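First comes the structure, then the notes that go with it.
The numbers here are math on the coordinates, done by the rules we state, and not lab data. Please read these numbers as outputs of a predicted model, since none were measured by experiment. Here the Cβ positions follow ideal geometry from the backbone for every residue, glycine too, while neighbour counts run over all protein chains shown.
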Amino acid sequence: MTGKAMTLGRLLDTFVCKLKLKKRKNTNKEAPMRYYMVTAKCGHVGRDYYIPIDFPVRADSAKEAAAAARSLPRVKHHHKDAILSVVEVSYSDYEDQRLVNRYDPYFLCHSIQDQRIEYDAVYSRIIEEARPERRAKDISEKAIFSGKERIRNARRYAKEQAAAYMMLEAI
């Protein structure tokens, strides 16, 4: 066999193998994809604010749908509570939400200037995040210094100083 004939034979074998793999993938209908509506916190509207957006997602389970939605652009990825809800829906609801999102003014904005133009449509949906209030530091938790040295454990330092003072008084 010549080099060209071998090459054509290999190409034909590769093509036949790929066709067989495609057939195998298409016939595997054990677990059909399900359709979910994932409500997520979307950003780019301020640090402590978000817009809840419904994302239509195709996945095998609700957990996979939540993970897929979390990785979408505009979702607040680093928030623990970025996913607000996951609900299984029908195909028609899935397609309807895709159409709604396609023409949503929030998704049509590509810059802060666009958001300002669509001010009413975007900013009317903003929700402030419920953050736990930070407690004020007690006086005992503030840093204490002895000269230029920072005292790490103030209580232990006070006990040691008192013990040292008592020893000095005894002398």
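A Cβ-based charge dipole, computed about the Cα centre of region 71-171 with Lys and Arg at +1 and Asp and Glu at -1, lands at about 900 debye. Put a dot 7 Å past the Cα of residue 88, heading toward its Cβ, do the same for residue 116, and the two dots end up 4.7 nm apart.
Between residue 149 and residue 165, residue separation times 0.36 nm minus the direct Cα-Cα distance comes to 3.8 nm.
Applying 1/(1 + (r/R0)^6) with R0 = 35 Å to the Cβ-Cβ distance of residue 156 and residue 78, what FRET efficiency is obtained, to the nearest 0.05? Efficiency, from the Cβ-Cβ distance: 0.40.
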